[in-house]
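Notes follow once the structure below has been shown.
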Amino acid sequence: GVFGVSDNGQIITPVSDNKTIWKIWEANPNVASIILGEGMTKLMGYTFCNTSYSKQGWSFTNLQYIKFPSTLTEIGGYAFYKTTLNMNNVDFSACNNITTVEPYAFYEVQNININLENLKYVGQDAFYYSAFKNPINININDDTSLVNLITSSSLRFL
């Protein structure tokens, strides 16, 4: 189909920039799943944020599954800001080397299931009023941004 959208709404593509993801929404806003290919290192900002805060204006009503590749190391600012996605369907299980989470990336997001053991930088309010599905490990190593993350009241678990 157009931009790799097959008839059943399945996307399997080595997305390396957000322009491809945006073209997917333009071609088929009812896409059911997206599997992001190896080689993608950064999820750009605003990609899956709440549509009322997004110029793109797409809906995630039918999006049932997103899988991120093992090569992902950075989550851009506002990437999931107040997202309407069901985070139980967002698969970060292959991502074991996320080092950067930019400001407001998971702002007011529930059920986050992500490995942050190699986190080196977290931006302002990246996890403000967010909740993790499972306990997480974060190695602080005297990094001020990580100390602020751990000591803030905005980090909590379900």
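Read the figures in this text as sums done on the coordinates, not as results from a lab. Here the structure is a predicted model, which means the values were calculated and not measured. Reconstructed Cβ throughout: ideal geometry from the backbone, glycine too, with neighbour counts over all protein chains shown.
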message: Given points 7 Å out from each Cα along the Cα-Cβ axis, report the Thr61 to Ala32 separation in nanometres with one decimal.
response: 1.7
- line: Plugging the Cβ-Cβ distance of Tyr129 and Asp91 into 1/(1 + (r/R0)^6) at R0 = 22 Å yields, to the nearest 0.05, a FRET efficiency of 0.45
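Suppose a student asked you for the relative contact order of segment 85-139, using Cα pairs under 8 Å spaced at least 6 residues apart; what percent would you report?
Relative contact order here is 38 percent.
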